[in-house]
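Colleague: Attaching a single structure in structure tokens format; questions to follow.
Any read-out appearing in this document is the output of simple, stated calculations on the displayed coordinates, not a laboratory observation. It should be emphasised that the depicted structure is a prediction, and the values quoted were computed from it without experimental measurement. Reconstructed Cβ throughout: ideal geometry from the backbone, glycine too, with neighbour counts over all protein chains shown.
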């Protein structure tokens, strides 16, 4: 018997909960802030729950940078405003819900 998704009740192979969660995500805000020693960090806000951890890991891997996630925010080391938006769109988030603040 195949493993079932606890959220939708479908088999794991047919489950689309992750895709639906990404499409229903509210407003995502990307901006940069100054950190120690005049360095910049890129902050992604608007994600939550399990999605936060997976997205942070994927962004750090694709952008080849360090970072962390906490309190509903992803902090990436460096100035990655445009690249972060591009990667979020590739991960399946709708482009019109992502706002980049320069």
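Colleague: With just the Cα atoms of the chain, tell me how far they stretch along each of the three principal axes, in Å, largest first.
Modeller: Computed over the Cα atoms, the extents are 56, 25, 22 Å.
Colleague: Same structure again: Pairing the Cα long axis of helix 50-63 with the longest principal axis of the chain, what angle in degrees results, from 0 to 90 and rounded to the nearest 10?
Modeller: 50
Colleague: For 97, 68, which order do you get if you count the other beta carbons within 10 Å of each Cβ and list the fewest first?
Modeller: Sorted ascending by nearby Cβ count, the order is 68, 97.
Colleague: To continue, here is another question. Nearest 5 percent is fine: what portion of the DSSP beta bridges confined to the chain is antiparallel?
Modeller: Of those bridges, close to 85 percent are antiparallel.
Colleague: How far is helix 81-90 tilted off the main Cα axis of the chain, in degrees rounded to 10, range 0 to 90?
Modeller: Roughly 10 degrees between the two axes.
Colleague: On average over all directions, what projected area in square nanometres does region 16-66 have, based on the convex hull of its Cα atoms?
Modeller: For region 16-66, the mean projected area of the Cα convex hull comes to 4.2 nm².
Colleague: Given the rule -39500 (n - 2.57) for each run of at least 4 DSSP H residues, summed and divided by the residues of the chain, what is its mean residue ellipticity at 222 nm, to the nearest 500 deg cm²/dmol?
Modeller: It comes out at -9000 deg cm²/dmol, rounded to the nearest 500.
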